[in-house]
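One structure is given here, and the rest of the page talks about it.
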Amino acid sequence: MRDAAAGGTAAGGAAAGREDRLALSDILCMCQIGVTEEERRERQRLAVDLELYADLEEAGRSGDLRRAIDYRDVCESVRGLLEAGSFHLVEAAARGVLDLVLARFPVRRAVVRVRKFVLPRVGHVEVQMERSR
């Protein structure tokens, strides 16, 4: 949602107690991340999952994007943050995503999972964090 003041109840707004979920899976990014110089030499692939909790009732009833969380905007914002930034730890990347999502989008609560594919014979390393307003 780009304009929370567009009138009516914005996503993340009104009905107390209503908590709907918008999930985004496998947002793929190429990020400068790692502790050692060797790790940071080349960008590494990260995969991000997000669960955004907000009141989505008005978006569902109206079909109006202005009353919804624009998930394309969420994906582009997350990818932009991670691909433009530089992080030493997966935890720092996850926290940065949470800070961005809570500051920019009308959500009450967010869960982020960031996966890094770095260790031999290990599918991935994953950090999960959750924060509320």
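The values are calculated or read from the model by the stated rules, or taken from the named source; none is laboratory data. In this text, all values refer to a predicted model and were calculated from it rather than measured experimentally. Quick reminder, even Gly has a Cβ in these numbers, built from the backbone with ideal geometry, and neighbours come from all protein chains shown.
What the table below lists for this structure:
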item	result
Boolean, Ala23 is loosely packed, with under 14 Cβ neighbours inside 10 Å and of a type in the set (A, V, I, L, M)	yes
Count - residues of segment 99-133 that are surrounded by 17 or more Cβ atoms within 10 Å (Cβ to Cβ) and among the small types (Gly, Ala, Ser)	1
Single condition Ala11 does not satisfy, out of (1) modelled with pLDDT of 95 or more; (2) surrounded by 14 or more Cβ atoms within 10 Å (Cβ to Cβ); (3) of a type in the set (A, V, I, L, M, F, W, C); (4) under 19 Å from Phe105 (Cβ atoms)	(1)
Residues (charged (D, E, K, R) and more than 13 Å from Leu24 (Cβ to Cβ)) located in segment 47-67	Asp55, Glu57, Glu58, Arg61, Asp64, Arg66, Arg67
Hits in segment 107-120 - residues which are at pLDDT 95 or above and assigned to a loop (DSSP other than H, G, I, E, B)	Val107, Arg108, Phe117
Tally of residues being in contact (Cβ under 8 Å) with a residue 12 or more places away in the chain and farther than 12 Å from Lys116 by Cβ across segment 33-59	12
Subset of segment 76-112 (residues that are of a type in the set (D, E, K, R) and more than 22 Å from Leu65 (Cα to Cα))	Glu83, Glu91, Arg95, Asp99
All positions within segment 81-98 that are assigned to a helix (DSSP H, G or I) and either small (Gly, Ala, Ser) or surrounded by 14 or more Cβ atoms within 10 Å (Cβ to Cβ) (or both)	Leu81, Leu82, Ala84, Val90, Ala92, Ala93, Ala94, Arg95, Gly96, Val97, Leu98
Per-region count, segment 37-80, residues buried (at least 20 other Cβ atoms within 10 Å of the Cβ), within 19 Å of the chain's Cα centre (by Cα) and part of a helix (DSSP H, G or I)	3
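One line per residue, one yes/no per condition, for (1) touching a residue at least 40 places away in the same chain (Cβ under 8 Å); (2) hydrophobic (A, V, I, L, M, F, W, C):
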site: Arg66; (1), (2): yes, no
site: Leu82; (1), (2): yes, yes
site: His88; (1), (2): yes, no
site: Arg104; (1), (2): no, no
site: Arg109; (1), (2): yes, no
site: Lys116; (1), (2): yes, no
